[in-house]
Every structure is written in C-alpha cells, then in structure tokens.
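The values are calculated or read from the model by the stated rules, or taken from the named source; none is laboratory data. Only a predicted model underlies this, so the values are computations on that prediction, with no experimental measurement involved. In this analysis, Cβ positions are derived from the backbone assuming ideal geometry, glycine residues included, and neighbour counts consider all displayed protein chains. Keep in mind that these areas ignore ligands, DNA and RNA; they rest on the heavy atoms of the full protein, side chains included. Shrake-Rupley method; radii C 1.70, N 1.55, O 1.52, S 1.80 Å.
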Amino acid sequence: MTDGRTTLTPRSILAATSGNVLEWYDFTVYGFLAPTLAALFFPSTDKLASLLSAFAVLAVGYAARPIGSVIFGHIGDRVGRKAALMISVLVMGGGSLAIAALPTYEQIGVAAAVLLVLVRIVQGISVAGEYTASGVLLVEQAKEGRKALTGAWVAFAMMWGCVLGSAVPAGFNSILTTEQMTEWGWRLPFLLGGVVAVFSAILRRSLTETLIDKDSEEGASPVWQSIRDHSGLIGQMVLLLIPTSVVYFVIYVYAVSYLSSEPGFTSADALDITTANLIVMAIFIPICGLAADRFGLRAVFLSGAIGTLVLALPCWWLMHRDDMMQVFIGQLGLTLASTAGWALSITALTLMAPALLRCSSVALGYNICLALFGGTTPMVATYLVNRTGDDYAPVYYILFAVLLSLPVIWRLPKLISRMSA
C-alpha cells in the first residue's frame, strides 16, 4: 500500500497545490469571459444562443475529465503522484497559452470555434489529474489529526486560483476600454495562466513522492480495478460532491453572466462582488479543515448542507435585488454554506478510497461529478430560466443537489472506517 511517512513541509504543500491555482484560475477566467468569448468565437444574432455555445465549450472541457481520470489515475497509481502532477500542470499551461494565441471567428471562421473546443478538451483531460493527485499526495502524507486541514490547503489554493481568475479580468476591465478588452485584452488573462504553469512546474521538481506498494495487480489497469471493484463507492463520491459543484457554478459562473446583463450592473460590478466572496471562502476553508479535524468530517459537511438548504432561497432572492450590497450579502450566504464542501472534499474522497487505487478512484469520483454536474451547470441554469421563465429555477437545482448528497454525508464515518479497517 502507499506509505505516508514522508514529512510535509510548507514548500511541499505550496508545490503540490500550486497547480490547482492554475486549474481554477483558467476555468474561472473562461467562465467570467464567456460573454466576450461567445461574441468572438460563436457570433450570432441571438445572444442567448451565443452564450449557450460558450458555456457548452466549458461543459465540454469538464466532460473530457473522465478520460483524464483514466490517463492520470493510471500514472498516479502506477508511476507516481509527482509524475502525474508535473505532466498535468505543463499541459494545462500550454493550453492557456494556446487560447491566448487563438485566432477568432472573424479571422478564420468556424475553425476558430473548433480550435477552442479542442484546446478545452485537452485541458479538461490534463486537469483531471491535478486536483485529485495533489490532494491524495498531501492527505496520504499528513499526520493523523491534521488530515482535514492538510487537504483543505488544496481547496485553499483552488479558491485563490478562482480569486485570481475573477480579479485579473476585473482588473483588465478597469484599465482597458470595452473595445480594447474585446479586441485583444481578453487574451492577457490566459497568457498569465502560462506563467503560473511554469512557476508551478519549477516548484514541483522538489516534491517528495509517496511510496507505492508494487504488490498490486501489475497487469490490470487501476482505473479498471476501481470500476470493477468499487463502482458503488465511486457513485457515492459523485453524490457527495454534487452540491459543491452545482452551488459553485450557479453563484460564481452563471450568476456573473446574469448580473452583467441586468440594468445598473456592469461586468466589473459583478466581478468585484464575486472576487470579494471568493476571498471570504478562501479564508474560511482552513477554518473548516480545523473544525473537521476536531469534530469530524460528517459534522462539518452536514452543517454546510443544512445551511445551504436553509439559505438558498433567501440568498437567491437577495442576489436578484438591484442593490450591490444586497447582492453581495446573498452571494456571501451561499458562499459560506458551500465552503465546507470544498474544504473537505479531497480529504473525504482520499480517506474513502482503497489505498492501492486512490488516484484512480478519487479521480473518477471527482471528475465524473464535475463532468455531469459542474461544467454543465451554467448551461443548465441558463436553459431552465429561459425555458420556464422562472428566475428561481437554478436554486431549485441547488436544493435537489443537496438532498441527493445527504445520505452519503450521513454514512461518511462508515465509508471511511471500511477502507481503514
């Protein structure tokens, strides 16, 4: 089995989590620039159709993640966690640079949209091993009584990637005119993503590898073993993560596009509100990790789920007001309620997973959930609102997602103890 006796240092934690900054920076930038990218790569007289096309490309990137789970799960379980992390961050960074250099529809026609889709697919494959491999490596090597906090640093880094992904476009929107942003300014955030990738790869050269037991089934794919022997467990991982995925993409991707189109709100206003709340989430993530180490994963997960059920409707109502402070408070309520899910996800999945198949099973559970319920959420929310005429349709989707996860949250101690027995 894997050996977690290695001593973690702050540099090791920084190196392992740095790629998550890039992963979520890039996907957040894409989500926030979706209206601009829609006009540049999917021009249409119907703005809704154009925006849906841009969100569909976001969904395609997430749909490719299960493929990445197969590739990087195998690398992580058979070659090593470090190798998976080095490859994933370099491919992801290369994709960011490619997007920064892409010609638009006006320059090469429909080929521009095809190229954008292909790049997002490659990035989706590459990031499938990023969040999970880094989290598995850290949680395996963490001391007993500090595993939840250690795993929370992965989500902490992820949130700072989201903060940067929100703040950087907001900054460029503030200093560039709308015409400059549309003409060339949108490329700059993706260019910076390539710089982050290089920085992360340099840091990761010094990572200490988790030792891997070679007595496992050498001839069998660890992904196939995970599916064959632990498909039920992988399904429960998906259910556990559904509300975390849905809430994030509703309030931080869909809502930004929604707010930007409302009278009295600009794209800069929407990004400012979102950036502030992402910073709040980043600050509270380590607190949730500490709480879980003290009171247990189930208790903290459950508090977040119940908080979401109670706050979803009133917070969504506030987010539809025409006052920026009310919108901020509404998003803040849902942010705080969903923080526990992000903070504890990777620790819970790692402890639930069989030791010899951790990278594969965790990658499958996490990426299948993101593919089905993460990247698709902005598109689903946009469709539901326009189909039903009910602005509250997305919040009903959130409530349904939370209810699906509650039975798994309740069974967390049993699921974890089964694997540690």
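Let me check I've understood the local charge: for V408, count other residues with C-beta under 12 angstrom from its C-beta, Lys and Arg +1, Asp and Glu -1. What total comes out? Summing Lys and Arg as +1 and Asp and Glu as -1 gives +3. With the highest mean first, a sort of the peptides 357-365, 118-126, 167-175 on other beta-carbon atoms found within 10 angstrom per residue produces 357-365, 118-126, 167-175. Specify the angular offset, from 0 to 90 degrees and rounded to the nearest 10, of the alpha carbon long axis of helix 267-295 from the longest principal axis of the alpha carbons in the chain. For helix 267-295, the angle is close to 20 degrees.
Couplings 3J(HN,Hα) of the range 144-156, computed from phi: 4, x, 9, 5, 5, 5, 4, x, 5, 5, 5, 5, 4 Hz, in residue order, whole Hz [Karplus 6.51 cos²θ - 1.76 cosθ + 1.60, θ = phi - 60°; x for Gly and Pro]. On the beta carbon distance between F295 and S231, with R0 = 30 Å, the FRET formula returns roughly 0.45. What does the C-alpha gyration tensor say about the overall shape of the range 65-172? Classify as rounded when a/c is under 1.5, otherwise prolate if a/b is larger than b/c, or oblate. Judged from the Cα gyration tensor, the range 65-172 comes out oblate (a/c at least 1.5, b/c at or above a/b).
Using θ = phi - 60° in the Karplus curve 6.51 cos²θ - 1.76 cosθ + 1.60, the 3J(HN,Hα) couplings for the range 22-32 round to 5, 3, 7, 4, 5, 6, 5, 4, 4, x, 6 Hz; x is entered for Gly and Pro. In terms of accessible area, using a 1.4 Å probe and ignoring ligands and nucleic acids, D26, D269, D391 rank largest first as D391, D269, D26. Calculated on C-alpha atoms, the gyration radius of the chain divided by its Kirkwood radius gives an Rg/Rh of 0.96. Helix-only arithmetic for the chain: the sum of -39500 (n - 2.57) across DSSP H runs with n ≥ 4, divided by the residue total, places the mean residue ellipticity at 222 nm at -26000 deg cm²/dmol. Other residues with beta-carbon under 14 Å from the beta-carbon of L364 carry, at +1 per Lys or Arg and -1 per Asp or Glu, a net charge of +1. Compute the Cα gyration tensor for the range 337-380, then decide on rounded, prolate or oblate, letting a ≥ b ≥ c be the square roots of its eigenvalues: rounded whenever a/c is under 1.5, prolate when a/b is larger than b/c in the other cases, and oblate in all that remain. Oblate, because a/c is 1.5 or more while a/b does not exceed b/c.
Rounded to the nearest 10 degrees, what's the angle between the helix 130-141 long axis and the longest principal axis of the chain, both from Cα atoms, 0 to 90? Rounded to the nearest ten degrees, it is 30. For the set D229, D390, the ranking by accessible area, highest first and with no ligand, DNA or RNA atoms included, is D229, D390 under a 1.4 Å probe. Residues in the range 169-185 carry Karplus couplings, in order, of x, 4, x, 5, 4, 6, 9, 10, 6, 4, 5, 5, 5, 6, 6, 8, x Hz; the curve used is 6.51 cos²θ - 1.76 cosθ + 1.60 with θ = phi - 60°, and Gly or Pro positions show x.
Under 16 Å from a label point 7 Å along Cα→Cβ of D390: give me every residue in the range 317-335 with its amide N that close. Counting only backbone N, you get 317.
To the nearest ten degrees, helix 393-410 and the longest principal axis of the Cα atoms of the chain are 10 degrees apart. Entry comment: accessible area of the chain is 38 Å² per residue, from protein heavy atoms only and a probe of 1.4 Å. Note on the chain: with a GNM built from Cα contacts shorter than 10 Å, the maximum mean-square fluctuation among G194, G19, G135 falls on G194. Note on W224 and A83: their simple-model spin labels are 1.8 nm apart, each label 7 Å out from Cα toward Cβ.
Taking the accessible area of the chain, probe 1.4 Å, and keeping the other protein chains in place, the carbon and sulfur fraction comes to 68%.
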